[in-house]
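> Below: one structure in structure tokens.
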Amino acid sequence: MRNRLCSSCGVTNAATAHECKGCGTKFRAYSSADSQQGDGIDRQCPWDDYGIRCNERGTISDATTGDGPWYCRTHNAQRQGRTVRPVAPERGLTGYGLPMVPADRDYATKARAWLKGKVTEIGNAPAGRSREWARAILDRWADGEPMPDIAVRSAVDALGLDLESLKASRRAAA
């Protein structure tokens with residue numbers, strides 16, 4: 001049986017305790033079943049607009065101890081003086097030829113097949129273009145421009161060169 005250790009006073013309490021026997025601090029619930037029993041915290045948004053209380057469930061609180069008041073995202077932004085940004089809609093793969101249908105059982109299979117096709121397409125890219133890119137990266141690196149290490153290594157691999165000999169010639173030229 002697990003015991004609960006109070007973070008305020010350090011007293012060990014029973015695992016089923018809802019408050020500390022030493023200092024009276026209320027414990028937060030461990031599971032959703034515990035929180036459904038009711039911990040006495042009102043999580044409905046307390047925003048009052050001409051006598052009508054907001055119906056949304058509050059998800060944001062300024063308190064650091066787990067108690068409220070809990071505001072919905074719209075009213076929390078208004079309290080902070082910020083503009084409320086709309087929630088981004090769920091993005092689909094419609095533009096890529098794969099519609100997003102959450103109830104579709106074969107969705108994961110279709111998505112994997114689409115991704116496999118894209119990986120194959122990227123792997124079969126013309127070699128000339130990547131060689132031109134690699135050459136441009138190494139030219140900029142040779143001129144002394146700071147380049148990310150991964151870009152230099154990728155360029156060296158694309159051209160089939162030895163990185164250590166390139167570094168040695170760069171040091172000799174400087």
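The values are calculated or read from the model by the stated rules, or taken from the named source; none is laboratory data. In this text, all values refer to a predicted model and were calculated from it rather than measured experimentally. Glycine also receives a Cβ, built like all others from the backbone with ideal geometry; neighbour counts cover every protein chain displayed.
> Is there any pair linking a residue in the range 156-174 that is without any contact (Cβ under 8 Å) to a residue 12 or more places away in the chain and within 12 Å of residue 141 (Cβ to Cβ) to one that is among the hydroxyl-bearing types (Ser, Thr, Tyr) and surrounded by 10 or more Cβ atoms within 10 Å (Cβ to Cβ), with Cβ under 8 Å and at least six apart or on different chains, and which?
Nothing qualifies.
> Could we say that residue 85 is of a type outside the set (Ser, Thr, Tyr), at pLDDT below 85, exposed (fewer than 15 other Cβ atoms within 10 Å of the Cβ) and farther than 22 Å from residue 25 by Cβ here?
Yes.
> OK, next. Look at residue 110 and say whether it is closer than 30 Å to residue 148 by Cα, modelled with pLDDT under 80 and of a type in the set (Lys, Arg).
Criteria not met by residue 110.
> Taking the range 39-53 as the region of interest, how many residues are of a type outside the set (Asp, Glu) and either outside any loop (DSSP other than H, G, I, E, B) or modelled with pLDDT of 85 or more (or both)?
6
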